[in-house]
Amino acid sequence: MIIHAPTLPPRHYLQFTDLSAEEYAQLFKRASFIKAKFKAYEKYQPLTDRTLAMIFEKASTRTRVSFEAGMYQMGGSVVHLTTGDSQLGRAEPIEDSARVISRMVDVVMIRTYGQDKIEKFAEHSRVPVINGLTNEFHPCQILADIFTYIEHRGSIQGKTVAWVGDGNNMANTWLQAADLLGFKVNLSTPSGYEVDPTVVGVRSAASTQFFKDPMQACEGADLVTTDVWTSMGYEAENEARKKAFADWCVDEDMMKVAKPDALFMHCLPAHRGEEVSAEVIDGPQSVVWDEAENRMHAQKALMEFLLLGKV
Ligand code: CP
Ligand code: NVA
């Protein structure tokens, strides 16, 4: 008889640093393999009878669709919970929720506010927990972004990514990835919206350079990327942010100083005319639609890895 009770401590994906460079190399290979199967309408169902619980405390389009469609395609099923329709919104302790939910499913994805919440959930979970975005990090997005870069341009090692905008969850995760995978980030954020080095963690000074002027950050970059001026949870600061971020709009002038074959990425949703001009996001250097699609392929590889190990 097979007993449905994991014995080993689960691997979680709470920050980009939770996997090694070797494991990322393997994941990118698996993502390509899984994507090719999907494109050829070939069934690939290694997660038959496995269940993913998705917990959303913030809104989502891409994260929900990519995890939900991805899990079904791999033969599994999905349970969708939100704060409003579960006891999570009625102050059931996070530890108790983790103990209960992780007895019934095989993997949990959480989108929430503080990183401490997801860390606490993972501590009491019997199954892998995946960060689907917190105030501090968005590792699944950077996983997909780097996979997209590799598809278009090959290895990201030694390349330069220009980050133009808020020192937010995306910026923090890019910095973690740069150190781990050996590329550089040129970071330009408005004054008062810098990244918090205590959140990102220890990293080598060589992987990050700070610029007051966003144009300078883009000079010679292989990839230019940005994100909304106001992330979810910070809506009360919207008006102040609109003023502070006015010069941090990725436009054609910024793209011109980057390498001629530089790519543009944005995790989406985007606000044309704010953090990016319509000409850039809808222009020839933009790969934002591949980037969004690749969330699904990369996360299928991630779930395969967390549930089945190295395949
Ligand atoms: N990029 C991203 O995470 O999008 P959603 O908020 O729509 O999930
Ligand atoms: N930084 C944004 C990303 C949205 C996918 C946010 O946290 O709202």
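The values are calculated or read from the model by the stated rules, or taken from the named source; none is laboratory data. Note that the coordinates shown come from a computational prediction; the quantities given were computed from them, not determined experimentally. All Cβ positions, even for glycine, are placed from backbone atoms using ideal geometry, and neighbour counts span all protein chains on display. The protein model used for the area step is the full one, side chains on, heavy atoms only, and it has no ligands, DNA or RNA in it. Shrake-Rupley method; radii C 1.70, N 1.55, O 1.52, S 1.80 Å.
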Checklist entry - When both residues are 6+ apart or on different chains and their Cβ atoms are under 9 Å apart, which pairs have a first residue that lies in region 117-130 and is small (Gly, Ala, Ser), and a second that is surrounded by fewer than 18 Cβ atoms within 10 Å (Cβ to Cβ)? => result Ala122/Pro10; Ser125/Pro10; Ser125/Arg99
Checklist entry - What number of residues within region 267-285 are surrounded by fewer than 21 Cβ atoms within 10 Å (Cβ to Cβ) and either small (Gly, Ala, Ser) or within 17 Å of the chain's Cα centre (by Cα) (or both)? => result 7
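Taking the conditions exactly as written (open to solvent by 30 Å² or more (accessible area, probe 1.4 Å) and either touching a His at 6+ places or on another chain (Cβ under 8 Å) or of a type in the set (A, V, I, L, M) (or both)), does Ala244 satisfy them or not? Walk me through how you get there before you give the answer.
On the way: open to solvent by 30 Å² or more (accessible area, probe 1.4 Å): yes; either touching a His at 6+ places or on another chain (Cβ under 8 Å) or of a type in the set (A, V, I, L, M) (or both): yes.
When the stated conditions are applied, Ala244 passes them.
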Checklist entry - Could you say whether any residue in region 27-42 is farther than 21 Å from Glu293 by Cβ and modelled with pLDDT of 95 or more? => result no
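Take Ala206 and decide whether it is farther than 21 Å from Ser286 by Cβ, of a type outside the set (Val, Ile, Thr), modelled with pLDDT under 95 and more than 16 Å from the chain's Cα centre (by Cα).
Details: farther than 21 Å from Ser286 by Cβ: yes; of a type outside the set (Val, Ile, Thr): yes; modelled with pLDDT under 95: yes; more than 16 Å from the chain's Cα centre (by Cα): yes.
When the stated conditions are applied, Ala206 passes them.
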Checklist entry - Does at least one position in region 163-176 carry a residue that is assigned to a helix (DSSP H, G or I), out of contact with any strand residue (DSSP E or B) (no Cβ under 6 Å at 6 or more places or on another chain) and away from ligand 2 (no atom under 16 Å from the Cβ)? => result no
Checklist outcome for this item: Restricting region 82-99 to residues that are surrounded by 13 or more Cβ atoms within 10 Å (Cβ to Cβ) and assigned to a loop (DSSP other than H, G, I, E, B), the one modelled with the highest pLDDT turns out to be Ser86
Checklist entry - Does at least one position in region 43-61 carry a residue that is within 16 Å of ligand 2 (Cβ to nearest atom), under 30 Å from Ala270 (Cα atoms), at pLDDT 95 or above and acidic (Asp, Glu)? => result yes
Checklist entry - Out of all the residues in region 212-232, is one or more more than 15 Å from ligand 2 (Cβ to nearest atom) and under 17 Å from Phe137 (Cβ atoms)? => result no
Next on the checklist: Looking at region 255-270, can you tell me whether even one residue there is within 16 Å of ligand 2 (Cβ to nearest atom), without any contact (Cβ under 8 Å) to a residue 60 or more places away in the chain, under 28 Å from Ser66 (Cα atoms) and not hydrophobic (A, V, I, L, M, F, W, C)?
Outcome noted: yes
Checklist entry - Is one or more of the residues making up region 128-147 of a type in the set (A, V, I, L, M, F, W, C), open to solvent by less than 10 Å² (accessible area, probe 1.4 Å) and away from ligand 1 (no atom under 16 Å from the Cβ)? => result yes
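For residues that are basic (Lys, Arg) and either at pLDDT below 95 or touching a Pro at 6+ places or on another chain (Cβ under 9 Å) (or both), tally how many sit in region 219-242.
1
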Checklist outcome for this item: For region 28-56 the number of residues that are more than 19 Å from Val127 (Cβ to Cβ) and open to solvent by less than 20 Å² (accessible area, probe 1.4 Å) is 2
Checklist outcome for this item: Here the residues within region 150-188 that are more than 16 Å from ligand 1 (Cβ to nearest atom), open to solvent by less than 20 Å² (accessible area, probe 1.4 Å) and hydroxyl-bearing (Ser, Thr, Tyr) are Ser188
Checklist outcome for this item: Those residues of region 106-124 that are open to solvent by 10 Å² or more (accessible area, probe 1.4 Å) and in a loop (DSSP other than H, G, I, E, B) come to a total of 4
